[in-house]
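The values are calculated or read from the model by the stated rules, or taken from the named source; none is laboratory data. Everything quoted here is computed from the prediction, not taken from an experiment. Heads up, the Cβs are rebuilt from the backbone with ideal geometry, glycines too, and the neighbour counts pull from every protein chain shown.
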Amino acid sequence: MFIRSKLLRYIAAAWIPVIVSVCPVQAQELRLNLVATFDDQPAMKDISWTVYRTDTDTKVTSAKYHSTHVTLPAGDYRVVATLTENDKTITRTRSFQLRTSDSRIIMPMD
């Protein structure tokens, strides 16, 4: 009986790391607010936002409007804001680290 219980504990202990490593870990999604401005006021124009992850240089998400929010896992990112108006295009880029929820990127477009 003693050997059997010891064997069962050994088998259970051997399988725990395997079970833990198979379960996917969900990264916490953090809220990022994106705000475009002119003269320190909301831009009130259609701004195209594109967010890239800097470690893989891949597009993560995109959005429109002068003020919007996206949810992303913590990490290093680059955001590109583009305004096209009257055959003129204005593009602004900023790199940042997202570490806390409700972070804000304010992008002056002037």
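In table form, for the structure just shown:
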{"quantity": "Conditions (1) modelled with pLDDT under 95; (2) surrounded by fewer than 12 Cβ atoms within 10 Å (Cβ to Cβ); (3) assigned to a strand (DSSP E or B): number failed by residue 84", "calculated": "(2)"}
{"quantity": "Pairs, first over 24 Å from residue 29 (Cβ atoms) in the range 77-104, second of a type in the set (Lys, Arg) and modelled with pLDDT of 95 or more, C-beta under 9 Å, six or more apart", "calculated": "82/92; 83/92"}
{"quantity": "Filter result for residue 17 (at pLDDT 95 or above and exposed (fewer than 15 other Cβ atoms within 10 Å of the Cβ))", "calculated": "no"}
{"quantity": "Whichever residue in the range 59-76 is assigned to a strand (DSSP E or B) and in contact (Cβ under 8 Å) with a residue 40 or more places away in the chain and, among such residues, is farthest from residue 106 (Cα to Cα)", "calculated": "73"}
{"quantity": "Residue 56 farther than 16 Å from residue 110 by Cα, of a type outside the set (D, E, K, R) and not in a strand (DSSP E or B)", "calculated": "yes"}
